[in-house]
Amino acid sequence: MPHFCVTNVKKPGNHKIVSDGESKYKETSLNANLLQGPDCTNSLAKVLLRFREVNIALVADIKGMFLQVSVAGKDQDSIRFLWWEF
């Protein structure tokens, strides 16, 4: 799967590797073969209205979430990252 480096001009020295899951090989892509789950994102309007119902609010940090998601052992090879030293 093709990948490339992304940098931010406001954070020099900070590089992130981004994979292109939409790239096609033999007429298919990784994104086309992954199962899509339910939409679990909340609309901002609903969240703000729920704040009026109770006096307690919880906030969570989801930074780094992608590498912490559990993947079944039989599917781990399909999303493995491969690196070559040049």
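The values are calculated or read from the model by the stated rules, or taken from the named source; none is laboratory data. Computed from a predicted structure; not experimentally measured. Note that each Cβ is placed from the backbone with ideal geometry, even for glycine, and that neighbours are counted across all protein chains shown.
Details
- Filter pass, G21 being in a loop (DSSP other than H, G, I, E, B), modelled with pLDDT under 80 and of a type in the set (G, A, S): no
- Residues satisfying the criterion are present in the range 34-49 (criterion: surrounded by 10 or more Cβ atoms within 10 Å (Cβ to Cβ), of a type outside the set (F, W, Y) and within 21 Å of S78 (Cα to Cα)).
- Residue under evaluation A45, criteria (1) closer than 17 Å to M1 by Cα; (2) at pLDDT 80 or above, criterion not met: (1)
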